[in-house]
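What follows is calculated from the coordinates using simple rules that are stated; it is not laboratory data. For clarity, every value in this text was computed on a predicted model and none was experimentally measured. Glycine gets a Cβ as well: all are built from the backbone with ideal geometry, and neighbour counts include every protein chain shown.
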Amino acid sequence: MAIATNKGLSLAREIYADRSKRVRELRRDGKKIVGYICLYPPVEIITALGLVPFRIFGDMSEPITAADRVSTTMVCPFVRSILDLGLKGKFDFLDGVVGAHTCDIGAGIILQWRDAIKDAPFTHLLDVPHTDHAPAVDYFEGQINSFKRHIEELAGEKLTDDKLKKACEMHNEQRKLVRQLYDLRKPDPPLLSSAENLEVMVALSSLPVEEGNSLLEDIIQEVTERKVKPSPKKVRLLVWGPVFDNTALYDLIESADAHVVVDDTCVGTRAFWADVKPPYNLHALAQHYLVDIKCPRTYRQAEPFETRRDYDKDLDSRFNYIKKAIVDWGVNGVVLQSVKYCDTHGYEVPNLRHYLDTLGIPSIYIEHDYSERSMAPIKTRVEAFVETLG
Ligand code: SF4
């Protein structure tokens, strides 16, 4: 069944506004839809088994009510929002849900889902080590192997080397196209606004990989050829932090006379900077997800197992990819954003700000409760920050 008559950016906007529309169609056609939370479940295995991966987000416009029955209010509001939507039946199109131990709260949602939400017959939790040295990669490979065996039951088929190779190549193609999309924001002014970019990224997480790839090809061509471009602004910013799947923050920043030209968030670049490497086996997946994805939930030392530690070297090994993005995208300032109660990102902020200070890059830290209404007080702070940079 064809998805819609829209193409390119307008199709991305349509999917952003109604994320489950396409996967509901696919499910009616007999496909099984597997929701996954966070970046760590290997989507290549889901794709390779003929299932459709669908990234689960919360909803910043929906007040959290039902989740209060099963969860304390003093935990990550993003996770609470997901649980809330699940309890309200908003994920009734999912045949399974896969999560990963990003943090204790992120892992806990899979257990709560299993207990409290009856619509998803299949649930799986991957344990993810918090360090990236070789024994940790081997352990994570074992976790991926358990996940593979479990999800083969849902798919009703076995994973073969050929199927996994093909899926890795398709997802790598998507990573390459996303990097090309981000390149369109290197010129000044950028060819693509940050809100448009986010709509594309959210759309990709809602589609089978092959449909996402053809959407990206259309968009790259459309943006390269279009005559009307975003207007020039005073400042070029990088946004860092955990999940942000709503254009509200980007609209707010643009209205303060700044472009967000690049990001380091888990809806943006994090899953797309690096490819899965040949020979496309489970070890390569473990290496990619644990080592290549740079998220504060995985701790990195410059010298693994070294007891006498060099602070500056450690900082550089953790954050030098951000330095590279700052140079490559001509960034003047950094907005560090995080959701309330996210220790994983919160503990990273002092070190990252120190590192940015040593680079001479001004930064601001803002915390929100993953709701649209929490954007209003942030507006004044962002405007003042842009003013100082301008
Ligand atoms: S946003 Fe932070 S607290 Fe919430 S699931 Fe992600 S890492 Fe954990």
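Within a 10 angstrom radius of the beta carbon, how do 81, 10, 231, 374 rank from fewest other beta carbons to most?
If I rank by nearby Cβ atoms, fewest first, I get 231, 10, 374, 81.
If you take the Cα atoms of region 1-112, find Rg, then find the Kirkwood Rh from the mean of 1/r over all pairs, what is Rg/Rh?
0.99
Grab the Cα-Cα distance for residue 68 and residue 134, subtract it from 0.36 nm times how many residues apart they are, and report the gain in nm with one decimal.
19.7 nm
Using only the Cα atoms of region 297-390, what do you get for the radius of gyration and for Dmax, in Å?
In order Rg, Dmax, the Cα atoms of region 297-390 give 15.2, 46 Å.
Sorted from largest down, give the three principal axis spans of the alpha carbons of region 48-191, whole angstrom values.
Extents along the principal axes, in whole Å: 48, 43, 33.
Work out the FRET efficiency for residue 310 and residue 92 from their Cβ-Cβ distance, taking R0 = 56 Å, and round it to the nearest 0.05.
Step by step, r from the Cβ atoms, then E = 0.60.
With a point put 7 Å past each Cα toward its Cβ, work out how far residue 347 is from residue 7 in nm, to one decimal.
5.0
When the Kirkwood radius is taken over all Cα pairs of the chain, what Stokes-Einstein diffusion coefficient follows at 25 °C and 0.890 mPa s, in µm²/s?
D = 114 µm²/s.
Out of 331, 34, 228, any idea which swings most in a Gaussian network model of the chain, alpha carbons joined below 10 Å?
Among 331, 34, 228, the largest GNM mean-square fluctuation belongs to 228.
Would you mind computing, in nm to one decimal, how far apart the modelled labels at residue 234 and residue 127 are, each placed 7 Å from Cα along Cα→Cβ?
Result for the modelled spin labels: 5.2 nm.
For residue 243, list long-range residues whose amide hydrogen, built 1.01 Å from N in the peptide plane, is under 5 Å from its own amide hydrogen.
Result for residue 243 returns 266.
Distance in nm between label sites at residue 28 and residue 226, each 7 Å beyond Cα in the beta-carbon direction?
With each label placed 7 Å out from Cα toward Cβ, I get 2.9 nm.
Report, ordered by chain and residue number, the lysines lying within cross-link reach of residue 148, taken as a straight Cα distance under 28 Å and ignoring same-chain residues fewer than 8 apart.
21, 31, 32, 90, 118, 158, 163, 165, 166, 176, 277, 294
Can you compute the radius of gyration and Dmax for region 188-272, using only the Cα atoms, both in Å?
13.0, 38
Relative to the present Cα-Cα distance, how much length would full extension add between residue 354 and residue 327 at 0.36 nm per residue of separation?
Net length gain for the segment: 8.0 nm.
Calculate, in nm to one decimal, what residue 380 and residue 114 gain on full extension: separation in residues at 0.36 nm each, minus their alpha carbon distance.
91.6 nm
Give, as a single signed number, the net charge of other residues whose beta carbon lies under 14 Å from the beta carbon of residue 139, with Lys and Arg counted +1 and Asp and Glu -1.
Net charge in that neighbourhood comes out at -4.
How long, wide and thick is region 225-342, going by the Cα atoms along their three principal axes, in whole angstroms, largest first?
That gives 50, 36, 30 Å along the principal axes, largest extent first.
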